[in-house]
Amino acid sequence: MATCPRCKGHLTDGHRCPRRPAIVALEIAASGVAGGLASLLLLGLFDPHGETQMDALAVSIGALAAIGINRLVRS
Ligand SMILES: [Zn+2]
């Protein structure tokens, strides 16, 4: 079986190389933003008056979780 010169994968008829690092990085950033927004939304539901001052923490956790999930799904 021939190997692809670019990604070293099996060069089958329908071979497509994995996406470029720049695009992968963009995807990671996008999922991080999406996760951060989602957790901000959730925080708004549970704490509508912003009494806990957890915004930054919740956004960071949401973003990291989304990035982790994205990595798991893609690998
Ligand atoms: Zn390839």
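The values are calculated or read from the model by the stated rules, or taken from the named source; none is laboratory data. Computed from a prediction, not measured in an experiment: that's the story for all the values here. In this analysis, Cβ positions are derived from the backbone assuming ideal geometry, glycine residues included, and neighbour counts consider all displayed protein chains.
Please work out which one of (1) among the small types (Gly, Ala, Ser); (2) part of a helix (DSSP H, G or I); (3) more than 17 Å from Ile61 (Cα to Cα) is the condition Gly14 fails and give its number.
Gly14 satisfies all of (1) among the small types (Gly, Ala, Ser); (2) part of a helix (DSSP H, G or I); (3) more than 17 Å from Ile61 (Cα to Cα) except (2).
For Ala66, are the conditions met, namely being within 14 Å of the chain's Cα centre (by Cα) and under 30 Å from Cys7 (Cβ atoms)?
Criteria met by Ala66.
State whether the residues of segment 26-41 include one that is touching a Gly at 6+ places or on another chain (Cβ under 9 Å), closer than 18 Å to Leu72 by Cβ and assigned to a loop (DSSP other than H, G, I, E, B).
No: zero hits.
Scanning segment 1-20 for residues that are more than 23 Å from Arg71 (Cα to Cα) and not aliphatic (A, V, I, L, M), which turns out nearest to the ligand (Cβ to nearest atom)?
The residue in question is Cys4.
From (1) part of a loop (DSSP other than H, G, I, E, B); (2) within 16 Å of the ligand (Cβ to nearest atom); (3) not aromatic (Phe, Trp, Tyr), pick out the condition that doesn't hold for Ile23.
(1)
Being more than 19 Å from Ile69 (Cβ to Cβ) and loosely packed, with under 12 Cβ neighbours inside 10 Å is the filter here; which residues of segment 21-53 pass it?
Answer for segment 21-53, where residues must be more than 19 Å from Ile69 (Cβ to Cβ) and loosely packed, with under 12 Cβ neighbours inside 10 Å: Pro21, Ala22, Leu45, Phe46, Pro48, His49, Gly50, Glu51, Thr52, Gln53.
Search segment 1-20 for residues that are under 19 Å from Arg74 (Cβ atoms) and pair each with any residue that is basic (Lys, Arg) and near the ligand (Cβ under 10 Å from one of its atoms) when their beta-carbon atoms are under 6 Å apart and the residues are at least 6 apart or on different chains.
Partner pairs satisfying both residue conditions: Cys17/Arg6.
Of (1) part of a loop (DSSP other than H, G, I, E, B); (2) at pLDDT below 85, Pro5 satisfies all except one. Which?
Evaluating Pro5 over (1) part of a loop (DSSP other than H, G, I, E, B); (2) at pLDDT below 85 leaves (2) as the failure.
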